[in-house]
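Below: the structure, in structure tokens.
The values are calculated or read from the model by the stated rules, or taken from the named source; none is laboratory data. The structure presented is a predicted model; accordingly, all values stated were derived computationally and were not measured. Backbone-built Cβ (ideal geometry, glycine too); neighbour counts: all protein chains shown.
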Amino acid sequence: MPTHKTTRNGLSKGHASRTGAKKQHMEETVEHSKFHHLFMEELKDIYWAEKYLLKSLPKMQKAASSRELVNAFADHIEATKGHVSRVEEIFDMMGMRAATKKCEAMEGLITEAQNLMNEEEESAVLDAGLIIAAQKVEHYEIAAYGCLRTLASRMGHTGAANLLEQILDEEKDADSLLTQIAESSVNDDALMA
């Protein structure tokens with residue numbers, strides 16, 4: 001009676017090697033698929049968006065008058081630097097040089113914030129407007145990172161999916177903090193202005 005050597009998961013070595021070859025073939029096929037191309041284009045888009053946001057957040061921080069909001073913007077500048085680094089790490093995982101593709105959505109959201117800062121004097125009303133502008137940005141990023149994480153997971157890019165999940169969680173936390181700041185003081189102060 002022939003004996004079959006088995007691997008740790010209980011599969012025969014022949015089955016394990018066929019499964020490994022099948023997985024490798026799928027990964028190679030995915031890398032050249034339109035689905036993977038979509039993932040990479042969206043990654044370039046959010047990379048541009050994060051870098052553009054990094055240039056704009058200090059202006060929003062400077063325009064804010066609420067100490068809590070100033071601190072939230074300062075914290076998000078540091079978090080955004082980390083997001084840029086993680087996205088660069090994902091490019092590296094994909095064997096690609098980090099590259100950008102202009103994000104029209106982020107440019108529009110930042111333009112709205114800049115217009116607000118140009119039109120409104122420093123006040124609680126401006127702070128309320130800055131929170132609205134920042135939450136629009138957070139919601140865009142939450143949507144982008146959620147979709148990117150899902151695409152990465154579907155293609156079996158577990159490391160990339162994990163990094164995208166970390167960024168997604170941080171974006172959700174930033175959005176929650178902005179809501180808390182608005183509801184705890186800024187909106188009431190703006191109403192009385």
Inset, instruction - Name the residue, out of 33, 123, that is over 30 Å from residue 191 (Cα atoms) and modelled with pLDDT under 95. - result: 33
Inset, instruction - Identify the single condition in (1) of a type in the set (Gly, Ala, Ser); (2) surrounded by 14 or more Cβ atoms within 10 Å (Cβ to Cβ); (3) under 20 Å from residue 170 (Cβ atoms) that residue 65 does not satisfy, given that it satisfies every other one. - result: (3)
Legend entry - Scan of the range 108-126 for residues that are among the polar types (S, T, N, Q) and over 16 Å from residue 192 (Cβ atoms), ordered by number: 111, 114, 115, 118
Legend entry - Residue among 52, 47 that is of a type outside the set (Gly, Ala, Ser), over 14 Å from residue 148 (Cα atoms) and touching an Asp or Glu at 6+ places or on another chain (Cβ under 8 Å): 52
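For residues that are among the charged types (D, E, K, R) and either in contact with a Pro (Cβ under 6 Å, 6 or more places away or on another chain) or within 18 Å of residue 46 (Cα to Cα) (or both), tally how many sit in the range 99-157. Give the steps one after another, and end with the answer.
First, pick out the residues of the range 99-157 that are among the charged types (D, E, K, R): 101-102, 104, 107, 112, 119-122, 127, 136, 138, 141, 149, 154.
With the extra rule that they be either in contact with a Pro (Cβ under 6 Å, 6 or more places away or on another chain) or within 18 Å of residue 46 (Cα to Cα) (or both), the set shrinks to 101-102, 104, 107, 136, 138, 141, 149.
Final tally of qualifying residues: 8.
Which of the residues that make up the range 86-120 are of a type in the set (D, E, K, R) and more than 29 Å from residue 190 (Cβ to Cβ)?
Kept after step one, since they are of a type in the set (D, E, K, R), are these residues of the range 86-120: 86, 88-89, 92, 97, 101-102, 104, 107, 112, 119-120.
Result: 86, 88, 89, 92, 97, 101, 102, 104.
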Inset, instruction - Would you be able to tell me the number of residues in the range 165-193 that are under 9 Å from the mean Cα position of the chain (by Cα) and either under 22 Å from residue 56 (Cβ atoms) or outside the structural domain of residue 54 (by TED's automatic domain parsing) (or both)? - result: 4
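Please determine, by comparing only the residues of the range 101-139 that are among the small types (Gly, Ala, Ser) and within 20 Å of residue 167 (Cα to Cα), which one is surrounded by the fewest Cβ atoms within 10 Å (Cβ to Cβ). Walk me through how you get there before you give the answer.
Step one: filter the range 101-139 for residues among the small types (Gly, Ala, Ser), giving 105, 108, 113, 123-124, 128-129, 133-134.
Pick out the ones that are also within 20 Å of residue 167 (Cα to Cα) and you get 105, 133-134.
Values: 105: 17, 133: 22, 134: 26.
For the range 101-139, the residue satisfying everything is 105.
For the range 117-193, please list each of the helices (runs of 4 or more DSSP H) lying entirely inside it that holds at least 2 residues being over 17 Å from residue 83 (Cα atoms) and among the small types (Gly, Ala, Ser). Steps first, please.
Values: elements: 124-154, 158-181, 187-192.
It comes to 124-154.
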Legend entry - Residue within the range 13-27 that is modelled with pLDDT of 95 or more, surrounded by 12 or more Cβ atoms within 10 Å (Cβ to Cβ), of a type in the set (Asp, Glu) and part of a helix (DSSP H, G or I) present: no
Inset, instruction - Look through the range 81-100, keep the residues that are basic (Lys, Arg) and assigned to a helix (DSSP H, G or I), and return whichever of them is surrounded by the fewest Cβ atoms within 10 Å (Cβ to Cβ). - result: 81
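Against the definition (without any contact (Cβ under 8 Å) to a residue 40 or more places away in the chain, in a helix (DSSP H, G or I), within 17 Å of residue 138 (Cβ to Cβ) and more than 14 Å from the chain's Cα centre (by Cα)), how does residue 57 come out, yes or no? Lay out the reasoning, then the answer.
Values: without any contact (Cβ under 8 Å) to a residue 40 or more places away in the chain: yes; in a helix (DSSP H, G or I): yes; within 17 Å of residue 138 (Cβ to Cβ): yes; more than 14 Å from the chain's Cα centre (by Cα): yes.
In short, yes.
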